[in-house]
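Below is one structure; the comments refer to it alone.
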Amino acid sequence: MASQLRGNDLRQLGFPEGRAIGLALAQLQRKHLRRLSQTDQLGLLRALLDAPANFLTHLDWSHTAAALLPAPSRHIALSERKDYAVFGAEHIEPGAIHQMETAMKLPVTVAGALMPDAHHGYGLPIGGVLATDNAVIPYAVGVDIGCRMALSVFALPPKHLEQRVPELRKLLLDNTRFGGRDVFRHGQHLDHAVLSRSEFQDIPFLRNKLDTAAAQIGSSGGGNHFVEWGVVDITDPANELGVAPGQYLGLLSHSGSRGLGASVANHYTKLAKDVCQLPAEAQHLAWLGLETEAGQEYWAAMNLAGDYASACHHQIHHRLARALGEKPLAKVENHHNFAWKEHLADGREVVVHRKGATPAGAGVLGIIPGSMTAPGFIVRGRGEASSLSSASHGAGRAMSRTRAKTELGEADLRRFLRQHQVELLGGGLDEAPQAYKDIRAVMQSQTSLVDVLGSFTPRIVRMEGAV
């Protein structure tokens, strides 16, 4: 084991006074780096000092490298606020408006919109849509990268659900897993091509993430994530699903990219904050330029996480359809918490971030859920330019999780569920339906954004937690 390097050793090497020295010394305490000889440690530090930009995405040295960059290139002032569209302003809390106002002052911002389900988040508000010029903002994508909705419609009548509640309940319990530790055991996993993707080896940060991704695939997260049986009511005879108007058994899921997406979001957000230092009120909106290696790496990792989230939903629906003994008549899937390269009406290419917003381009199908006691809606986008071809991703929270836990009681929740003929497996007061806005009012605020093809009404809901 090498003798321990000290601050003076780094100063003699040429490290400037300040944060970089402390970060470097802390990294050298990691076990695999302590095994290096002092000569090798100094050689590594010299390479880092000579070309810090080459280490911006290195698993060990990204933050030290960022601290070595010239300060003038990292401090960025906000500009004059650009205009943006707001839908359902009467449903939106002041905190979300303030966050959107800040996002519209970024020098890279081109356009924006705020959806009627919007509420306060980190950086960009939940329900915020932001178009930027050749830049991606990790916290405008969100921590749960590629979080999405998926719906399967089965050729079974609603009475199948009413008559076979115990069986359908058991299918949910046997074929779903929730949270960080409750995953499918060895031998129960289903394989998927996403686990063989080259990004797990090509991107240094992802090289130790494959095992966790493989363990969690096919499972759902905690919080507001769910898998539920319910009744699909197709009302538009001209729907693109090829399903005749009427009522059917449906399976709806909501989840994201699990630990993989969270680790990508956290790593690249810290890196963005180091290389793009903004005023305190905008610090969570730090961006990575897509012309940089770090920006390209995040973009590739984000797309991998989005595809992984989709794979999780496909496995959830495959397991339950197989256990049910039915093939779905139709499927609908859409994601939010993502960034896309799109074109504005004037032809400019921009990066459109939808943090808790549903893609609603002309003819694009999606699902906008309500709460566990309120219907969700199958929609077709209208491609409204002022919303950046977006719509809400749900009803949106009316109460914070903390407030819901404080003001609502378990007995109130169970009574409310019984009144709406909904059975909840797991869950908690923070996700009580009373904590959410009125989905019908939200939908009324976005009639210019989407057309409604049908609805989904929950009946048996599975969420994280003991049953």
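The values are calculated or read from the model by the stated rules, or taken from the named source; none is laboratory data. Not measured: the values here are computed from a predicted model. Methodologically, a virtual Cβ is constructed for each residue, glycine included, from the backbone with ideal geometry; neighbour enumeration extends over all protein chains shown. Note: areas computed on protein heavy atoms with side chains; ligands, DNA, RNA excluded. Shrake-Rupley method; radii C 1.70, N 1.55, O 1.52, S 1.80 Å.
Points worth noting:
- Of all residues in the stretch 34-49, those satisfying the criterion of being among the polar types (S, T, N, Q) and either under 11 Å from Gln4 (Cα atoms) or under 38 Å from the mean Cα position of the chain (by Cα) (or both) are Ser37, Gln38, Gln41.
- Within the stretch 28-41, if we keep just the residues that are in contact with an Asp or Glu (Cβ under 9 Å, 6 or more places away or on another chain) and open to solvent by 40 Å² or more (accessible area, probe 1.4 Å), the residue that is farthest from His58 (Cα to Cα) turns out to be Gln38.
- When Ala77, Ala65 are checked against the criterion of being more than 21 Å from the chain's Cα centre (by Cα), assigned to a loop (DSSP other than H, G, I, E, B) and aliphatic (A, V, I, L, M), Ala77 stands alone in meeting it.
- Residues satisfying the criterion are present in the stretch 421-434 (criterion: more than 20 Å from the chain's Cα centre (by Cα), surrounded by 16 or more Cβ atoms within 10 Å (Cβ to Cβ) and of a type in the set (D, E, K, R)).
- One residue from Ala113, Ala135 being modelled with pLDDT of 95 or more and farther than 28 Å from Arg440 by Cβ: Ala135
- Filtered by the rule that a residue be surrounded by fewer than 19 Cβ atoms within 10 Å (Cβ to Cβ) and at positive phi, the stretch 138-185 gives a lone residue, Gly179.
- Enumeration of residues in the stretch 1-21 that are open to solvent by 40 Å² or more (accessible area, probe 1.4 Å), closer than 20 Å to Val275 by Cα and assigned to a helix (DSSP H, G or I): Arg19
- Filter result (touching a Leu at 6+ places or on another chain (Cβ under 9 Å), within 23 Å of Glu384 (Cα to Cα) and crowded, with 21+ Cβ neighbours inside 10 Å) within the stretch 117-134: Leu124, Pro125, Gly127, Gly128, Val129, Leu130, Ala131, Thr132
- Residues in the stretch 406-436 that are on the phi < 0 side of the Ramachandran plot and in a loop (DSSP other than H, G, I, E, B): 6 in all.
- Residues that are touching a strand residue (DSSP E or B) at 6+ places or on another chain (Cβ under 7 Å) and over 11 Å from Gly356 (Cβ atoms), drawn from the stretch 115-133: Pro116, Leu130, Ala131, Thr132, Asp133
- Qualifying residue in the stretch 195-204 (condition: assigned to a loop (DSSP other than H, G, I, E, B) and either of a type in the set (A, V, I, L, M) or touching a residue at least 12 places away in the same chain (Cβ under 8 Å) (or both)): yes
- Selection over the stretch 267-289 of residues that are buried (at least 18 other Cβ atoms within 10 Å of the Cβ) and either in a loop (DSSP other than H, G, I, E, B) or without any contact (Cβ under 8 Å) to a residue 40 or more places away in the chain (or both) gives a count of 5.
- Failed criterion for Leu48 (all others in (1) within 20 Å of Phe205 (Cβ to Cβ); (2) at pLDDT 90 or above; (3) open to solvent by 80 Å² or more (accessible area, probe 1.4 Å) hold): (3)
- Unique match (being of a type in the set (Gly, Ala, Ser), closer than 27 Å to Glu297 by Cβ and crowded, with 19+ Cβ neighbours inside 10 Å) among Ala24, Ala77: Ala24
- Residue check, Asn239 crowded, with 18+ Cβ neighbours inside 10 Å, within 19 Å of Gly366 (Cβ to Cβ), polar (S, T, N, Q) and within 22 Å of the chain's Cα centre (by Cα): no
- Index of the failed condition, Lys327 passing every other in (1) open to solvent by 20 Å² or more (accessible area, probe 1.4 Å); (2) touching a strand residue (DSSP E or B) at 6+ places or on another chain (Cβ under 6 Å): (2)
- Taking the criterion of being touching a residue at least 60 places away in the same chain (Cβ under 8 Å) and hydrophobic (A, V, I, L, M, F, W, C), the residues of the stretch 223-259 that qualify are Phe226, Val227, Trp229, Val231, Val232, Ile234, Leu241, Val243, Leu249, Leu251, Leu252.
- Matching residues in the stretch 211-240 - criterion: being under 9 Å from Ser255 (Cα atoms) and part of a strand (DSSP E or B): Ser220, Phe226, Val227
- Boolean, Ala65 is surrounded by 14 or more Cβ atoms within 10 Å (Cβ to Cβ) and in contact with a Phe, Trp or Tyr (Cβ under 9 Å, 6 or more places away or on another chain): yes
- Only one entry in Gly221, Gly250, Gly230 is open to solvent by less than 40 Å² (accessible area, probe 1.4 Å) and within 30 Å of Gly295 (Cβ to Cβ), namely Gly221.
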